[in-house]
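Okay, so here's the structure we're looking at.
The values are calculated or read from the model by the stated rules, or taken from the named source; none is laboratory data. Source: prediction; values computed, not measured. As a convention, Cβ positions derive from the backbone with ideal geometry for all residues, glycine included, and neighbour counts pool all protein chains shown. Note: accessible area is taken over every heavy atom of the protein model, side chains too, but ligands, DNA and RNA are not part of it. Shrake-Rupley method; radii C 1.70, N 1.55, O 1.52, S 1.80 Å.
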Amino acid sequence: MLTSEDFTHFPLEMWKKVLSKVKKAVVFMDDKCAETLHWSGGAAAFLEAGARNIKQFSSFEACGVNEPKAVFVVNTLLKGRTVDIIKDIISLSHFQYCVVITTVAHSVHLLANNVTAEMEGNRVFEQFEEKLCEWMGNMNYTAEVMHVPVIFTPVSQQLILTPTFAHLFPLLSVDLETINFKRPEKKRFGSLNDIDMNSLPVELQLEIKSLASALNSMFETTGTREESFAVGPMSRIIAGELASHPQAKNRRKTAPNKASIIFVDRTVDLTGAVGHHGDNLVEKILTVLKCLPGHVTDVQVDMLELTSLQRTPHSQNTVAPGCLAQSSAARSLWEAMLTSKHKEGVMEVRRQLVEAASKEKLPIKMSMGRVTPEQLCSYMQLFRSNWGALENHCGVLQLGLATAQTLRHPSLPRWDACLAFERLLLQNLGDSDFPAMLRQLLPLMKPRGGEDSSSSGLRLGEDECGPDELILLLVYLYSLADEAQPADQDTEEEEELEKLERELIGALTLVITREAELSPLLQKLTGCANPEELSTERAHSAVEDMFETLRGLSHTRDHLKQLRSVYTASDGVHQATYRPFLRQILEEVFHPDHLECPDIEHMSGGLTDLLKTGFSMFMKVSRPHPSDNPLLFLFLVGGVTPSELRLIKEMVTTHKPGTQVLVFSTRLLRPTDIPELLFSTRRLVPDIGV
C-alpha cells in the first residue's frame, strides 16, 4: 500500500538520477536547485558521488585544463540568460564532456519555442546538445541534455516544498485589471474566477505547466491516480492543467494507487499568514534570523559561540553559519520544533541538549522551570572546542543555537506587540466599520525613535513597531475588511475612507524615509538597497501602489459560497476569534456525513463530471469526495506557515486518525513573506529564464 513516505522519498530518487552523472565532474548549480538540494542531503551527497567541486551557476565561474567534465543543474528553460551563462562558462573552460540537467520538461520547452504540434523524441534538447559541442570546440566531444524534476524537497515528514516555485502566488484584483487592460472591452473578465490559462501572461503559463508536469512525474513514478480539487482561482487553473496533462490521462487509467489532492489559494486566508497568533518556535526563528544567502526558507545560525574566537565586527564571516536543515540525527528535534507549540518546542530543545551532553559525559548542571536563552547557551558552551562532541551532535547544537538566538533577539518583543494589537482589532471588528478600524492604526504610524531625525532609526522601545510590522498590520486589517460592520456606502463615507488612506500613505511614507537602515522587505518594496537611494517621492509612490493592492484583499473570498469568513464575532460570553480557513476545509473534508462542499471544486472529472452535473438535476449522483482515498495531499499555493502545519496535524488526529495527510507548498512562510509576494512587480511575469 502506498504511504506518504513514498512521496517524501520521491525527491531523493530524482536527485539520484542527477548524482549518477556527477562522477569526476565540476557541478554548476543555480540558487533554486541548490536550495532544493540543501534540504535533500546537501552538497555532501554530490561529493560522495564523486563530484570534484560545486560552483555557483554564474558567468564569472570557470574550470581549469585538468577539469574536462561539467554538469549544469538549472531550474529554468534552456533559453535567454541561462543559455548565455552556460556558453560563458564553457568558453572560459576546457570541457570535453558537458551534461545539462533542467527541471523544466521538454513539453514546456516546446511551448516556450511556440511549437504546438507533437514531436517525437526530445528535439529541443538534441539541438542544445549540438550547441554544447560547438561551444566546447569539437563536435566529437560528449554532450547530454535531460529533464529531471528535482523541484520537490522534503522539509519534514509532513511537508514537501517547491523552492523553484517560491514566488508563484495566487491572482489578485490588481492582476485582473492588468489582464483585462490588454483585452477587448467585450472580452474582459468579470472576476478572477473567470480567468483561464490562456489569458495569463506566457511566462506564468509556462511556470504553471512546469509545476503540473512535475506533479505528473511524481504521480507517475509512484503509480498514483489522483482526484484533484481546488479552492481559489489560481488553484483551479493549476488543478485543471494537471487534469488535462497529456500523460496524466493514460496514467490515471492504469495507476494502482489512489490519492486526493486539494489545491488551495493562499489569498483565501491572508489573515493567518501575516498574523502573529501562531504559537510556534520555528515561525519566530524564521522571522528574526536572517535568510541564508540565495535561500527563501532556511536561515543563518551564528556558530561563533561554539568556538574560542573573540566576537569582532568581522568575526561573523570567519565561521560558516549553521542552518535548520539537518540530517537524521537531529531530524526528530526539527520535527518537534516545526509542529509543536512554542513552549513544547523550547522544552524539547533543552531536553535533547541535556541528553547530548550526558552522552558525551560533559559536566552539565540540571535546572528546572522556565527555559531561558542563557540556560541553553550554558549547555552548548560545554561542547566548545570538543571536536568529537561537536561532530556527534552538530545538528542538535545548530537548532539549539537558532532557538537561543531567537529568544534573545532584540526584535522578538515586537512579535508580542503585534499580537496584542491584532487581538484588539479582532475584538473591535464586529462593532466598528472599516474606517474606524483603520483609524486605530494612525497613532502607530510614527518614525521609530521619535521626532528627532538623528535618532529616528534607533529602537528606543524594544516593542516599538517599525515599518515592517505596520505593513503587516495593514495587510491583516484589509484582509478582514469585509468582516467589519458595513458602513453606509454613500459619497461622504467613501470620501472619508479615501482621506484616511491618504493620511496613512503620508504617515507610512514618513516612517519609511526616516529609517536608518532598510529591511529586506523595504528594499524589495521600494527597489532601493539603502536609505541614501530612497527619495520621498519614490517611497510615496511605492506606498501608493501598495494601497492599491491592499484595497482588493477584502474580496479574495467573494467567489466562495459557503466558506466566506475567517472571523467569529463575540457572543458576549466568548471573545471574537480568528477561524483559520484550513481548519474549515478540513472540517468539511473529514465530516462524518461526507457532505459536499460547493467551495471545494472537483477538477479531475472532465466529461464524466459534466454528465454527473446534468444528471444531478433530476437524480441523486455521487461525486468524488476528498476523503474517499487513503492519502490526502494539501497543496497550498503561495505558502504555508508552521502553525498551520501543527493545525493540520491536530485536525487529522482529532477527526480522522489513521488518515495520511501530506502538505505540499511553494514555501514555508514567515509573516513578512506575504507583503513581499503581494506587492511584487513580477507576480504575473515570473523569472523562468526566458
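Check Leu309, Leu270, Leu281, Leu286 and return the single one that is more than 30 Å from Arg423 (Cα to Cα) and of a type outside the set (S, T, N, Q).
Being more than 30 Å from Arg423 (Cα to Cα) and of a type outside the set (S, T, N, Q) holds for just one of Leu309, Leu270, Leu281, Leu286, which is Leu309.
State which residue is surrounded by the most Cβ atoms within 10 Å (Cβ to Cβ) when the search covers only the range 336-371 and only residues that are touching a Ser or Thr at 6+ places or on another chain (Cβ under 8 Å) and β-branched (Val, Ile, Thr).
Val349
Which ones in the range 189-205 are more than 17 Å from Thr549 (Cα to Cα) and open to solvent by 40 Å² or more (accessible area, probe 1.4 Å)? Explain how you work it out, then say what you get.
Restricting attention to the range 189-205, the residues satisfying the condition of being more than 17 Å from Thr549 (Cα to Cα) are 189-190, 193-205.
Answer for the range 189-205, where residues must be more than 17 Å from Thr549 (Cα to Cα) and open to solvent by 40 Å² or more (accessible area, probe 1.4 Å): Gly190, Asn193, Asp194, Asp196, Asn198, Val202, Glu203.
Check the range 177-188 and report whether any residue there is open to solvent by 10 Å² or more (accessible area, probe 1.4 Å) and in contact with a strand residue (DSSP E or B) (Cβ under 7 Å, 6 or more places away or on another chain).
No, the conditions are met nowhere in the range 177-188.
Can you confirm whether Glu493 is surrounded by fewer than 20 Cβ atoms within 10 Å (Cβ to Cβ), within 28 Å of Leu426 (Cα to Cα) and in the same structural domain as Ala436 (by the TED database)?
Taking the combined requirement at face value, the residue satisfies it.
Of the residues Ala44, Ala34, which single one is loosely packed, with under 14 Cβ neighbours inside 10 Å and either closer than 30 Å to Val663 by Cα or basic (Lys, Arg) (or both)?
Just a single option satisfies the conditions, and that option is Ala44.
Considering every residue within the range 203-214, establish whether at least one is in a helix (DSSP H, G or I) and without any contact (Cβ under 8 Å) to a residue 12 or more places away in the chain.
Looking for residues that are in a helix (DSSP H, G or I) and without any contact (Cβ under 8 Å) to a residue 12 or more places away in the chain, one finds none in the range 203-214, hence no.
Every residue in the range 243-275 that is open to solvent by 10 Å² or more (accessible area, probe 1.4 Å) and over 22 Å from Leu211 (Cα atoms), please.
Thr254, Pro256
Quick one: in the range 496-524, of everything that is in contact (Cβ under 8 Å) with a residue 24 or more places away in the chain and closer than 14 Å to Pro675 by Cβ, which residue is surrounded by the most Cβ atoms within 10 Å (Cβ to Cβ)?
Only one residue fits best here, namely Ile512.
Every residue, every condition in (1) among the charged types (D, E, K, R); (2) on the phi < 0 side of the Ramachandran plot; (3) out of contact with any strand residue (DSSP E or B) (no Cβ under 9 Å at 6 or more places or on another chain); (4) in a strand (DSSP E or B), yes or no:
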| residue | (1), (2), (3), (4) |
| --- | --- |
| Phe229 | no, yes, no, yes |
| Arg236 | yes, yes, no, no |
| Gln247 | no, yes, yes, no |
| Ile261 | no, yes, no, yes |
| Val282 | no, yes, no, no |
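From the list Ile208, Ile160, pick out the single residue that is closer than 29 Å to Val661 by Cα, open to solvent by less than 10 Å² (accessible area, probe 1.4 Å), touching a helix residue (DSSP H, G or I) at 6+ places or on another chain (Cβ under 6 Å) and among the aliphatic types (A, V, I, L, M).
Testing whether each residue is closer than 29 Å to Val661 by Cα, open to solvent by less than 10 Å² (accessible area, probe 1.4 Å), touching a helix residue (DSSP H, G or I) at 6+ places or on another chain (Cβ under 6 Å) and among the aliphatic types (A, V, I, L, M) leaves just Ile208.
On the basis of being touching an Asp or Glu at 6+ places or on another chain (Cβ under 7 Å), closer than 17 Å to Val99 by Cα, among the basic types (Lys, Arg) and surrounded by fewer than 18 Cβ atoms within 10 Å (Cβ to Cβ), does Lys55 make the cut?
Considered against the rule, which asks whether it is touching an Asp or Glu at 6+ places or on another chain (Cβ under 7 Å), closer than 17 Å to Val99 by Cα, among the basic types (Lys, Arg) and surrounded by fewer than 18 Cβ atoms within 10 Å (Cβ to Cβ), Lys55 comes out as yes.
Return yes when Glu374 is charged (D, E, K, R), open to solvent by 50 Å² or more (accessible area, probe 1.4 Å) and outside any loop (DSSP other than H, G, I, E, B) and no when it is not.
So Glu374 passes the test.
State all residues of the range 525-538 that are part of a helix (DSSP H, G or I), under 24 Å from Leu684 (Cβ atoms) and without any contact (Cβ under 8 Å) to a residue 40 or more places away in the chain; if no residue qualifies, say none.
Thr526, Arg538 - these are the residues of the range 525-538 that are part of a helix (DSSP H, G or I), under 24 Å from Leu684 (Cβ atoms) and without any contact (Cβ under 8 Å) to a residue 40 or more places away in the chain.
Pick from Pro447, Pro410, Pro435: which is assigned to a loop (DSSP other than H, G, I, E, B) and surrounded by fewer than 20 Cβ atoms within 10 Å (Cβ to Cβ)?
Pro410
Does Lys131 meet the test of being touching a Phe, Trp or Tyr at 6+ places or on another chain (Cβ under 6 Å), open to solvent by 50 Å² or more (accessible area, probe 1.4 Å) and in a helix (DSSP H, G or I)?
No; evaluated as a whole, the condition is false for this residue.
Would you confirm, using the coordinates I've provided, whether Val74 is in the same structural domain as Met14 (by the TED database), of a type in the set (A, V, I, L, M), under 19 Å from Val202 (Cβ atoms) and in contact with a Ser or Thr (Cβ under 6 Å, 6 or more places away or on another chain)? First the steps, then the outcome.
On the way: in the same structural domain as Met14 (by the TED database): yes; of a type in the set (A, V, I, L, M): yes; under 19 Å from Val202 (Cβ atoms): no; in contact with a Ser or Thr (Cβ under 6 Å, 6 or more places away or on another chain): yes.
Judged against the criteria, Val74 is not a match.
On the given criteria, is Pro233 within 24 Å of Ala166 (Cα to Cα) and more than 18 Å from the chain's Cα centre (by Cα)?
Yes; evaluated as a whole, the condition is true for this residue.
Quick one: how many residues across the range 317-341 are assigned to a helix (DSSP H, G or I) and either within 21 Å of the chain's Cα centre (by Cα) or over 18 Å from Pro373 (Cα atoms) (or both)?
12
For a quick check of your reading of the model, give me the residue pairs whose first member lies in the range 635-654 and is acidic (Asp, Glu), whose second is part of a helix (DSSP H, G or I), with beta-carbon atoms closer than 7 Å and at least 6 apart or on different chains.
Taking only residues 6 or more apart or on different chains, the pairs are Glu644/Gly272; Glu644/Leu582.
For Lys23, are the conditions met, namely being open to solvent by 50 Å² or more (accessible area, probe 1.4 Å), farther than 12 Å from Val100 by Cα and within 26 Å of the chain's Cα centre (by Cα)? Before you say what the answer is, go through the steps one by one.
Working: open to solvent by 50 Å² or more (accessible area, probe 1.4 Å): yes; farther than 12 Å from Val100 by Cα: yes; within 26 Å of the chain's Cα centre (by Cα): no.
It is false that Lys23 is open to solvent by 50 Å² or more (accessible area, probe 1.4 Å), farther than 12 Å from Val100 by Cα and within 26 Å of the chain's Cα centre (by Cα).
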